[in-house]
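Presented below is the structure to which this report refers.
The values are calculated or read from the model by the stated rules, or taken from the named source; none is laboratory data. All values derive from a computational prediction rather than experimental measurement. Here the Cβ is made from the backbone with ideal geometry for all residues, glycine too, and neighbour counts use every protein chain on show.
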Amino acid sequence: METAAALAEVVARMAAGTGPVAVDAERASGYRYTQRAYLVQLRRAGAGTVLLDPLPLDDLHTLDEALADTEWVLHAASQDLPCLAEIGMRPRRLFDTELAARLAGFERVGLAALTEQLLGYSLEKHHSAADWSTRPLPESWLTYAALDVELLTDLRDLLAAELERQGKTAWAAEEFEALVASADRPPRVRPDPWRRTSGIHRVRGARAQSRVRALWYARDGVAARRDTAPGRVLPDTAIVAAAESDPKEERTLLAIAGFGGRSVRRLAKIWLDALDQARALPDDALPVNQPVDGPPPPHRWAERDPVAAARLARCRQVVVGTAEKHNLPPENLISPDFIRRLAWSPPDEVSPQTVGDTLRGFGARNWQVGLIADRIAEVLPDPSAT
C-alpha cells in the first residue's frame, strides 16, 4: 500500500476493526543513515493485515487518528516508537509483549521464542537484518513482515493472563504508560557523539582524540549526504588506526586497514583534510574530558570511596534478592543506574520516604519503589557507624 487513496481505504478498515491493533515497523539499520521506518505492518480483528510503505506518503496521521482509542500491541516498543512518531503515529495506550514477558519472568523474550513457546508456531527471522529500504521489496520479505504481526495479539492475550496470574498487571500498566509518555519526548541528543567510536579507549592524548573527532564528523557528513550507515562509509577501526598513526600523505593513509576499499579511496582527500584540520588546532581547541553526570564507574568505587562501594554492594544484594523473589530480571525491577546514583549520593536523612522520592526523581515507577524502598533504606546506612 503506497498511495493516498489506498491509505484512506486502510484507515477506514482499521477504524472499523475491533480490539487491539498489532503494530510493527521495519528499519534499515546498518544500511541507512537515519532510523526511519521503511515498512509499517498492522493487523486488527475485522480489518486483516496491512503492509504500508511510508516513503511515498506525507505521514500517517489519519491512520493515527483512526487508532487513537485503540490499544497498540508492539514487541520491544522502544525500538519502534521513535520511527513511528516520525511518520505521525503515536500510541495512547500500548502493550509491549517483550516487556510483558520480562516482567512475567520468561528467560527468552524474543518474538520468535515467545511465539514458539506460548503459541506453538515457529517464526522465520532470517530477514530481520535485511535492508528494508530496498525497492521493490521481495515477496518473501513481505510475507516475513506480515507474520510479525499475525500472532501478536494472541501473544498479548496469553501474556496478559500470565501477568494477571502473577499479580503483575498493575506493574505492567505503569511500564506501558511510561513507554507511551516516552513517544512524545524528543529524541535525546548525545553530547560529543564521536566519543562513542568503538576502540577510542586505545587513543591516547587530546591531540590524537582530536583526530578521531575530525574523522568522525567527516564520515558523518558523507554518511548523511549519502543516507548511508556511517560504518559502511568508514569503519570505526579505520578511524582509530588513523588517529593513532596520523598519516600525512595519501599513500600512507591508504595503507591503513579500512582505507583500502575503492569507495573509501575516492574520499582520501576528505580524510586527509580532516586530519590536517585536527593537526592545525591550537591546544585550547583540543577535546577535554567533560564532567560525568553521575557517579564514576563502579569498578573505581573501592579506590575512590570504599564506604560508597560497600553501600552499593548492599543495595545490589537487596535488588537481586527482591528480583528473585518476584521472578523478575533485576534490571526490570529497577534500573542499575538508579541504584548506583542512590548509593553514591544517598539522601541526608535516609528513610523509605526519602529513598522512594530519590528513586522516583531518577524515573523509577511506583511499583518499583514499593518493592524495594523499605529494604534499601535499611541497608543504605553504614552498619559500622551504628
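When the stretch 329-355 is limited to residues that are aliphatic (A, V, I, L, M) and touching a Leu at 6+ places or on another chain (Cβ under 6 Å), the one that is nearest to Ala313 (Cα to Cα) turns out to be Ala343. Confirm whether Asn327 is outside any helix (DSSP H, G or I) and within 15 Å of Ile372 (Cα to Cα). In short, yes. Residue pairs whose Cβ atoms lie under 7 Å apart, separated by 6 or more positions or on different chains, with the first residue in the stretch 92-107 and buried (at least 19 other Cβ atoms within 10 Å of the Cβ) and the second at pLDDT 95 or above and of a type in the set (Phe, Trp, Tyr), are Leu94/Trp72; Leu94/Phe176; Phe95/Phe176; Asp96/Phe176; Leu103/Trp171.
Comparison of Glu107, Glu65, Glu86, Glu139 shows that the only residue that is within 30 Å of Glu324 (Cβ to Cβ) and of a type outside the set (Phe, Trp, Tyr) is Glu107. Selection of the stretch 221-230 for residues being in a helix (DSSP H, G or I) and surrounded by fewer than 16 Cβ atoms within 10 Å (Cβ to Cβ) yields Gly221, Ala224, Arg225, Arg226.
When Leu55 is tested against the conditions (1) in contact with a helix residue (DSSP H, G or I) (Cβ under 9 Å, 6 or more places away or on another chain); (2) at pLDDT below 95; (3) surrounded by fewer than 16 Cβ atoms within 10 Å (Cβ to Cβ); (4) within 20 Å of Thr3 (Cα to Cα), the lone failure is (1). Taking the numbered list (1) touching a residue at least 12 places away in the same chain (Cβ under 8 Å); (2) over 30 Å from Ala101 (Cβ atoms) in turn, Pro298 passes all entries but (2). Could you check Gly258 against (1) closer than 19 Å to Ala206 by Cβ; (2) surrounded by 12 or more Cβ atoms within 10 Å (Cβ to Cβ) and say which number it fails? Only one criterion in (1) closer than 19 Å to Ala206 by Cβ; (2) surrounded by 12 or more Cβ atoms within 10 Å (Cβ to Cβ) is unmet by Gly258, namely (1).
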